[in-house]
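Reviewing the structure listed below.
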Amino acid sequence: MTAGSVDLYWLPLGAGGRSVRFNGRVYEAAVALLERRSRFDLYHAALEIRVGGARYVVEMTPTIGPPGNQRAVVGGAVGSPLLRRFRLFRYEVRRWLDGQIPDVEEAVGSPRRLTDEVGVAQRVLDLVPKAPTLTWGGDELAAGEMWNSNSLISWLLTSAGLDASTIPPPSGGRAPGWDAGIAVARRRASPMRVVRPGAARAHVGGRR
């Protein structure tokens, strides 16, 4: 039995919801037009972590459920810090014991095993409450792109010692915000052994 592991799931943006998926396509079409390139599928990352026989789901989502739920450990504002007092404009970062990834059946090329090292898996879990609570959709730390759910995941992996820069989204897709998480984590990084999570295949379009 594996003592510890970290698995990455790539979910199509808006999986299970027509509105988010449609808005994502509109956003990608606009960005592709501005950058004069082809359109790509957009993806949202989530983690499943096992340590000592326990299983956790880690992801960033809009705030759901009653205040004080046991899934969320930190949270932040969506769109603008001024809107944080309104529940509709808040997100939560989950470290959910025995949790479920919504619409996981739509995940592409997943799960991807990033490590079987229990120490790395434990570090990722321990870092969740320390994650930056930056504004979702903003770039408050001048990382070069917006902060979002992908930024959280890449920040956690990089901060735990995994080389998130070698992890591509599925072929033909991109994960906006991924590079922002790496950039912010590297600024705050303390010296540690960097673990390369397998050989990454080249892909078209990059993460941004």
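The values are calculated or read from the model by the stated rules, or taken from the named source; none is laboratory data. It should be emphasised that the depicted structure is a prediction, and the values quoted were computed from it without experimental measurement. Here Cβ is always computed from backbone atoms with ideal geometry, including for glycine, and neighbour counts include all displayed protein chains.
Annotations
- Residue 138 meets the conditions (1) farther than 14 Å from residue 44 by Cβ; (2) at pLDDT below 90; (3) not basic (Lys, Arg) in every case but one. The failed one is (2).
- Among the residues of the stretch 168-187, those identified as surrounded by 20 or more Cβ atoms within 10 Å (Cβ to Cβ), assigned to a helix (DSSP H, G or I) and of a type in the set (A, V, I, L, M, F, W, C) are 178, 180, 182, 184, 185.
- Flag if residue 42 is part of a strand (DSSP E or B), within 19 Å of residue 100 (Cβ to Cβ), at pLDDT 60 or above and not small (Gly, Ala, Ser): no
Here is a yes/no grid of residues against (1) on the phi < 0 side of the Ramachandran plot; (2) in contact (Cβ under 8 Å) with a residue 24 or more places away in the chain:
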position: 89; (1), (2): yes, no
position: 103; (1), (2): no, yes
position: 119; (1), (2): yes, yes
position: 124; (1), (2): yes, yes
position: 145; (1), (2): yes, yes
position: 153; (1), (2): yes, yes
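- Only one entry in 64, 101 is at pLDDT below 85 and of a type outside the set (Ser, Thr, Tyr), namely 64.
- Criterion violated by residue 26 - all others in (1) farther than 30 Å from residue 113 by Cβ; (2) at pLDDT 65 or above satisfied: (2)
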